[in-house]
Amino acid sequence: MAMEWITAIDKRPCDRNLRDCELISCRLRRVEPLCRLPGSALQQLAMCGFYEDLEKGVTLFRAGEQGRYWYAVLGGQLEVRYHAADTKDGKLSVTLCNLGVGATFGESILHDLPRDSTVVTKTTCELLRVEQQDFRLIFEKNKELMNDIITNCRLKNGFGQSMQTTSTVQTNVQQQPSPTKKQLSPDHPNPAAPITEIPSPAMSRMGWALRTLLVSDNTSCLKDRKVGGKFIRKCAPGTELVEWLLNLSPIVHTRTQAAGMWQALLEEGVLCHVAKEQPFKDKCFLYRFKSDEDGTAGGAPTSDDVNHANEHIREALPALLHRGPDATLRMILRKPSHERTQEELELVYEELLHIAALSHLSTSIKRELASIIVFEAHAHAGTVLFNQGDEGRSWYILLKGSVDVVIHGKGTVATLKEGDDFGKLALINDAPRYTVMSGTPQKMLEHLLETRLGGQAGPNDPFLDDFLLTHIVFMPTPLLIDELAANFHADADIDLRQASEEDQEYFLTSKRRVVQFIQRWVLAVRHAVFDDPLAVEFIEELATDVEAEPALQEEASIIHHVLTQLSRYQEDRQMNATQKWKLPPNGQPICLFSGNTHSKTVIRPDDDIIFRVYCADHTYCTLRFPMATTAEMIKACAADKLQIARLPEDLLLVEVKSSGERLVFKDNDVSVPTALSLNGRIFVSPKDHLDALTPLPEQEVPTEAPDVDFEALSTKDVAYHMTLFDWDLFWAVHEYELLYHTFGRHHFNKITSNLDVFIRRFNEIQYWVVTEIVSTTNLTKRMSLVKKFIKLAAFCKEYQNLNAFFAIVMGLSNTAVSRLSGTWDKLPSKFRKLFTEYEALIDPSRNHRAYRMSVGKLQPPVIPFMPLLLKDMTFAHEGNKTSLDGLVNFEKMHMMAQTMRAVRFCRSRHLVLDPPSPKNENEIRNYIRCFRTIDNQRVLNSMSQKVEPRRS
């Protein structure tokens, strides 16, 4: 019954027959209050209604939009929101009510009125959607009943017929007082004041050098000015100081960097605001050096002073540049909460992500902290922060220096260092929420079902999601299903007629939680559940059991939603059941044998792939196997075809790279052809002949590619089509493939082909950049090509294709390219400066902090730098044991899940880009699918030496 009605409602209205309408009507009759409608009205809804199954967080419509549909809720919950009038921080969203099963909404379409509220799905939802024209006909024929249903729904959710509550809420919000400016206090120190009593020698020297250069330049901004009737010596506006510093040195790229450097001088008292009211701002506020304020600056600088100042600036300016971001952060933390801008709050939040003492807190709490946390500096040793017995007022995190903990009668009992925190126990009365650190798989699942389902867990509690994303590591799906079945059928041996009401409620609750677990499981890992026959069988059996239980109406709706997704997935699988892939002789790219290059196509374990296997004399055989075939099977078949008369245990399956390096595959390795390096080949060899394997001649020349002049193509068009192509590759990668890659495919007997292809794409782009540049013998053309690649990187960054952006910049940083000094010298300074910025962004120092902070500001869709995500997974795996004393180390699973969630977040929205001009569209598409590459660094270095020999 469940699958039949879903199949019926999934059809277009014009394709439904009488049997379909009867099935849909039966389903609608189970929903109160729709069941009160006459059969003819239900039949009409069944004929014209559309079915929608929506994930959590989907906005159906917004206040002010013109309505087109009426809705009835068949499953799940929605939230009705009202956006109040403008406040200081924009529009305030107020939740008016929640709509559950049976609720109807959208009747404003009867009178062509705009929507008066915003409706968003609060959970996974099933809706019946009826178009305006059809709803008007149904309403007119059943006006009295329909009016009654609409009115009752409004009253049930707290609205009168005229929706008076809305205006009340709006009035209340408008009357809320805006925050008044707080007086500065120890909790909100003056951000314009220094944090040290006297400047450090290094900052004093830097201030002297900058002032010397400013004063010696007659055209500089540092001048005597009359302000408010007073004569101020040697002062300058912040905007002009920023401009001057930008022109002083090429290492200062942005106005933000320059402002941060001046703030670093201001916070140590070397520079100050004329009225002592402002931190450093890139605005027309006046600033001057402290030495000019107190009259200790001395006379005009001599030529020796200027020379010494220039020399000091060259040496010490990078250190000041490095101090700028931290000084800016401290300045923000000294501002009252209500004065911090949204951009400043985001900057503070990014910093909080790197503080170990806060790592256990949720994202929402860290964002709250960003608005209230303040900076406090104590210049003197021996300052007492609080005394034993004082009422707790603050929680401290130590950023620099040390703190002694002293107890009466015991003296110093501990010394806290950088990164330590103290004082929080005095602020709380109850213990923090219990967090699972380790446990047996069965106990963890039991704990989940009892405490994390049924609305018991908060929205930011990651434990359930961590478990669902990583359970395959410690609790394989068959074991998980057995445990879920045992929980669902806990009443199997009980006579429920004799059980107490309390016991009956317990068994019913257990069933509900299992269904909710299945829903969350499918939501978390999607098709991985549907790919497992045991899981599919269990879900279908569960649907039958739930359908037979009258008390589980809402759970039946949930299971129907899951079955809908299953049905659609199985249809999609059926359409692509005979996919064949090929690995062309030149090694790149892996592509569909059918030539279908326009659809998002996932490589599946049972897909066939056609590839070659070579032996030592470079003869080969062509094989066709499913992706999930083991290396042992490939090895045996290839040896038989190539007539290598050795026992299987005496043979090896090997990848030979273009550099001559040999990698031996394990017998239980799968997805072998996709795991090859960029220009690698598969060889079969007796163990004692391994050293005889050599690369093919074709491996030292560029891979085959379409004959297209890259310089003649529009750079933006190339970036656009690259991003679409790379997005399809990224979209096909399942989060589980990161686990398979990290722990080893052979542990799961699962393929990583989609991830393999995406990683190969990164290497392909990187070596394409190098190959094209070192293959260009003309210096002017080579410089033009470097400039084009920098522009291409800029467009990829704009499109948030960070994987390609990194690949291009790393290609330009390759030693074979970076050594071409003649080429780089000819490059315009604008492009050299831009490339320097890009190099800073991919700088691996501090665990790629620059990149992590930059990507943290982006909204999806994003194509992330995949090698870094894999590095995070590897570090978490190798640095932590999977089990401790026989218990699952769940802290490790949490670290793994964090990276997997990052992948999920990057593609939580579909990629939509404005298409460029259709000129050369097909030519560009073919070009970007298969670049000309050499991945042998020795060959690339040799080619680089030929086009630009080393200078003697």
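The values are calculated or read from the model by the stated rules, or taken from the named source; none is laboratory data. Fair warning: this is a prediction, and the values are worked out from it, not measured in the lab. Heads up, the Cβs are rebuilt from the backbone with ideal geometry, glycines too, and the neighbour counts pull from every protein chain shown. These accessible areas exclude ligands, DNA and RNA; they are computed on the full protein's heavy atoms, side chains included. Shrake-Rupley method; radii C 1.70, N 1.55, O 1.52, S 1.80 Å.
A compact table of results
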item: Set K830, K787: member being without any contact (Cβ under 8 Å) to a residue 24 or more places away in the chain and of a type in the set (D, E, K, R); result: K830
item: Hits in the range 296-319 - residues which are open to solvent by less than 70 Å² (accessible area, probe 1.4 Å) and either among the β-branched types (V, I, T) or outside any loop (DSSP other than H, G, I, E, B) (or both); result: D305, V306, A309, N310, H312, I313, A316, L317, P318, A319
item: Matching option when the condition is aliphatic (A, V, I, L, M), free of Cβ contacts under 8 Å to residues at least 60 places away in the same chain, within 21 Å of P584 (Cα to Cα) and outside any strand (DSSP E or B), among A638, A645; result: A638
item: Some residue of the range 843-857 being open to solvent by 20 Å² or more (accessible area, probe 1.4 Å) and within 22 Å of N941 (Cα to Cα); result: no
item: Single residue of the range 680-726 satisfying the filter (open to solvent by 40 Å² or more (accessible area, probe 1.4 Å) and hydroxyl-bearing (S, T, Y)) that is nearest to L913 (Cα to Cα); result: S714
item: Any hit, the range 671-680, residues being more than 23 Å from F865 (Cβ to Cβ) and part of a helix (DSSP H, G or I); result: yes
item: Selection count, the range 330-342, where residues are open to solvent by less than 20 Å² (accessible area, probe 1.4 Å) and small (G, A, S); result: 0
item: Count - residues of the range 121-144 that are in contact (Cβ under 8 Å) with a residue 12 or more places away in the chain and either assigned to a helix (DSSP H, G or I) or open to solvent by less than 10 Å² (accessible area, probe 1.4 Å) (or both); result: 14
item: Every pair of residues 6+ apart whose Cβ atoms lie under 9 Å, when the first sits in the range 899-925 and is touching a residue at least 60 places away in the same chain (Cβ under 8 Å) and among the basic types (K, R) while the second is open to solvent by 70 Å² or more (accessible area, probe 1.4 Å) and part of a helix (DSSP H, G or I); result: R907/W731
item: Which numbered condition F289 fails, given (1) of a type in the set (F, W, Y); (2) under 18 Å from T196 (Cα atoms); (3) at pLDDT below 90; result: (3)
item: Residue ID - least open to solvent (accessible area, probe 1.4 Å), chosen from residues in the range 914-931 that are assigned to a loop (DSSP other than H, G, I, E, B) and touching a helix residue (DSSP H, G or I) at 6+ places or on another chain (Cβ under 6 Å); result: F931
item: Residue match in the range 876-895 (condition: open to solvent by less than 40 Å² (accessible area, probe 1.4 Å), over 15 Å from the mean Cα position of the chain (by Cα) and among the polar types (S, T, N, Q)); result: yes
item: Subset of the range 491-512 [in contact with a Phe, Trp or Tyr (Cβ under 9 Å, 6 or more places away or on another chain) and among the charged types (D, E, K, R)]; result: D491, K511
item: Residue match in the range 864-874 (condition: basic (K, R), out of contact with any strand residue (DSSP E or B) (no Cβ under 8 Å at 6 or more places or on another chain) and surrounded by 14 or more Cβ atoms within 10 Å (Cβ to Cβ)); result: yes
item: Top-ranked residue in the range 544-597 [being of a type in the set (S, T, Y) and modelled with pLDDT of 85 or more; ranked as surrounded by the most Cβ atoms within 10 Å (Cβ to Cβ)]; result: S557
item: Count of the range 28-56 residues which are among the basic types (K, R), in a helix (DSSP H, G or I) and in contact (Cβ under 8 Å) with a residue 60 or more places away in the chain; result: 1
item: Helices (runs of 4 or more DSSP H) wholly inside the range 341-453 containing at least 3 residues that are touching a helix residue (DSSP H, G or I) at 6+ places or on another chain (Cβ under 9 Å), modelled with pLDDT of 75 or more and closer than 26 Å to N190 by Cβ; result: 342-352, 363-372
item: Matching entry among E32, E79, E4 (being touching a strand residue (DSSP E or B) at 6+ places or on another chain (Cβ under 7 Å) and charged (D, E, K, R)); result: E79
item: Test for L345: is it open to solvent by less than 60 Å² (accessible area, probe 1.4 Å), over 30 Å from V406 (Cα atoms), under 29 Å from the mean Cα position of the chain (by Cα) and not aromatic (F, W, Y); result: yes
item: Positions within the range 731-747 being in a loop (DSSP other than H, G, I, E, B) and open to solvent by 20 Å² or more (accessible area, probe 1.4 Å), in sequence order; result: H734
item: Some residue of the range 736-747 being in contact with a His (Cβ under 8 Å, 6 or more places away or on another chain), among the hydrophobic types (A, V, I, L, M, F, W, C) and touching a residue at least 12 places away in the same chain (Cβ under 8 Å); result: yes
item: Verdict on T630 being of a type in the set (V, I, T), modelled with pLDDT of 90 or more and open to solvent by 50 Å² or more (accessible area, probe 1.4 Å); result: no
item: Residue under evaluation F517, criteria (1) within 26 Å of D606 (Cα to Cα); (2) open to solvent by less than 70 Å² (accessible area, probe 1.4 Å); (3) among the hydrophobic types (A, V, I, L, M, F, W, C); (4) in contact (Cβ under 8 Å) with a residue 60 or more places away in the chain, criterion not met; result: (1)
item: Selected residue (criterion: most open to solvent (accessible area, probe 1.4 Å)) from residues of the range 533-543 that are touching a residue at least 24 places away in the same chain (Cβ under 8 Å) and farther than 17 Å from R568 by Cβ; result: L534
item: Test: D825 is exposed (fewer than 15 other Cβ atoms within 10 Å of the Cβ) and part of a helix (DSSP H, G or I); result: yes
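Residues are listed down the side, and each one gets a yes or a no for (1) at positive phi; (2) more than 45 Å from the chain's Cα centre (by Cα); (3) surrounded by fewer than 17 Cβ atoms within 10 Å (Cβ to Cβ); (4) among the charged types (D, E, K, R):
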residue: E243; (1), (2), (3), (4): no, no, yes, yes
residue: R255; (1), (2), (3), (4): no, no, yes, yes
residue: K283; (1), (2), (3), (4): no, no, yes, yes
residue: R288; (1), (2), (3), (4): no, no, no, yes
residue: D294; (1), (2), (3), (4): no, yes, yes, yes
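For (1) under 22 Å from D482 (Cβ atoms); (2) touching a Leu at 6+ places or on another chain (Cβ under 9 Å); (3) assigned to a helix (DSSP H, G or I), each residue gets a yes or a no:
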{"residue": "V529", "(1), (2), (3)": "yes, yes, yes"}
{"residue": "L534", "(1), (2), (3)": "yes, no, yes"}
{"residue": "E541", "(1), (2), (3)": "yes, no, yes"}
{"residue": "D545", "(1), (2), (3)": "yes, yes, yes"}
{"residue": "E554", "(1), (2), (3)": "no, no, yes"}
{"residue": "I559", "(1), (2), (3)": "yes, yes, yes"}
{"residue": "E571", "(1), (2), (3)": "no, no, yes"}
{"residue": "Q574", "(1), (2), (3)": "no, no, yes"}
